[in-house]
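Engineer: Before we start, here is the structure in question, set down as structure tokens.
The values are calculated or read from the model by the stated rules, or taken from the named source; none is laboratory data. Not measured: the values here are computed from a predicted model. Please note: Cβ atoms are built from the backbone with ideal geometry, for glycine as well, and neighbour counts cover all protein chains shown. Heavy atoms of the whole protein, side chains included, go into the accessibility calculation; ligands, DNA and RNA do not. Shrake-Rupley method; radii C 1.70, N 1.55, O 1.52, S 1.80 Å.
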Amino acid sequence: MELVQKIMSGFSLDLGPVKEPLGFIRILEWVFTICAFATTGGYVGSTELTIDCGAKKEDIIAHFGYPFRLPSQSYDVPHCNQTKNVTYLQGDFSSSAEFFVSVGVLGFLYCTFTLILYLGYQQVYRESNRGPTIDLIVTGIFAFLWLVCSSAWGKGLTDVKYATDADRLISVCLPDKCVVKSYASMGRLNSSVLFGFLNLILWAGNCWFIYKETPFHKPANPPPNAEGGVSTA
């Protein structure tokens, strides 16, 4: 309780940083970070085929979703001779998807923490060089992580599209005849990769504005004013 009182006693809400690039860009990072991991983490899709047995038609539905461990998703393939096979999608792309979502969640938490610091504890943030310096280092690390995870997930998404492509899965119907009923909707996953690279741009660009708050940008000993110089006799 005493610790909470100390924290709250130092809290002073100031919306001024929101009007500056430092705070405004952090809000954009907070929003786009949510968009990045939300569009990936909650995804569920399906590819649908129809097997034509003349008088009778049956649907084949292959479901898949995050974290895209496709071999764990089974689906039934009926045949015209009244038999049925249990088939599995191929490919495990969970590592790139989970890495992308993890970076997004951690970035969201860091954005939330720094926004509270900017808006409520600005005096603590600026009273020493430690706050801006640590902020710069962490923001730079996240910019690098967004580059890596967005590239990895972009490659992983390409593989997911190939593994779940309806035109390729038609082969499971042989020797019967299949037609594509519907393709899996990938628009949400495409946007997740876009959000990932947008976050890369935002986090990398924000490094400059945080850098301006550090002692690396501000001269430690500013040159004396010409008018305030020491006069000589």
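Engineer: From the alpha carbon gyration tensor of region 116-194, can you work out the equivalent ellipsoid semi-axes (sqrt of 5 times each eigenvalue) and give them in Å, largest to smallest?
Structural biologist: 50, 13, 6
Engineer: Same structure again: Enumerate the whole-percent occupancy of each 10 Å bin, from 0 to the last occupied one, for all C-alpha pair distances of region 162-219.
Structural biologist: The distribution over region 162-219 is 18, 23, 17, 15, 11, 9, 5, 1, given as percents.
Engineer: Let me ask you something else. Per DSSP H run of at least 4 residues, take -39500 (n - 2.57); add these up for the chain, divide by its residues and hand me the 222 nm value, nearest 500 deg cm²/dmol.
Structural biologist: -18000 deg cm²/dmol
Engineer: Right, next: Percent of accessible area on the chain owned by carbon and sulfur, 1.4 Å probe?
Structural biologist: Carbon and sulfur atoms account for 64 percent of the accessible area of the chain.
Engineer: Against the longest alpha carbon principal axis of the chain, how many degrees, from 0 to 90 and to the nearest 10, is the axis of helix 187-211 turned?
Structural biologist: That works out to roughly 10 degrees.
Engineer: For residue 56, which aspartates and glutamates qualify as cross-link partners when the Cα separation must be under 17 Å and same-chain residues fewer than eight apart are set aside?
Structural biologist: 48, 76, 176
Engineer: Something else about it: Arrange the residues 182, 74, 150 by how much accessible surface each exposes, largest first, with a 1.4 angstrom probe.
Structural biologist: Accessible-area ranking of 182, 74, 150, largest first: 74, 182, 150.
Engineer: Given [x] 24.0, 118; [y] 27.0, 113; [z] 21.8, 74 as candidate values of Rg and Dmax of the Cα atoms in Å, which corresponds to the one derived from the coordinates?
Structural biologist: [y]
Engineer: Can you pick out the pairs among 84/181; 57/161; 84/161; 155/177; 19/212 whose Cα atoms lie more than 28 Å from each other?
Structural biologist: 155/177
Engineer: A follow-up question, please. Take the eigenvalues of the Cα gyration tensor for region 9-147, scale each by 5, and report the square roots as semi-axes in whole Å, largest first.
Structural biologist: Over the Cα atoms of region 9-147, the ellipsoid semi-axes are 51, 14, 10 Å.
Engineer: What is the helix-to-structure angle for 21-41, meaning the angle in degrees between its Cα long axis and the longest Cα principal axis of the chain, kept from 0 to 90 and rounded to the nearest 10?
Structural biologist: Once rounded, one gets 20 degrees.
Engineer: Could you tell me how many degrees, from 0 to 90 and to the nearest 10, lie between the Cα long axis of helix 94-120 and the main elongation axis, the longest principal axis, of the Cα atoms of the chain?
Structural biologist: Its long axis makes an angle of about 30 degrees.
Engineer: Check the chain for me: any Cys whose beta-carbon has no other cysteine beta-carbon within less than 4.7 Å?
Structural biologist: For the chain, the answer is 35, 111, 149, 207, because their Cβ atoms have no other cysteine Cβ under 4.7 Å.
Engineer: I've got another one for you. In whole angstrom, note down how far apart the Cα centers of region 28-84 and region 125-187 are.
Structural biologist: Cα centres, region 28-84 to region 125-187: 17 Å.
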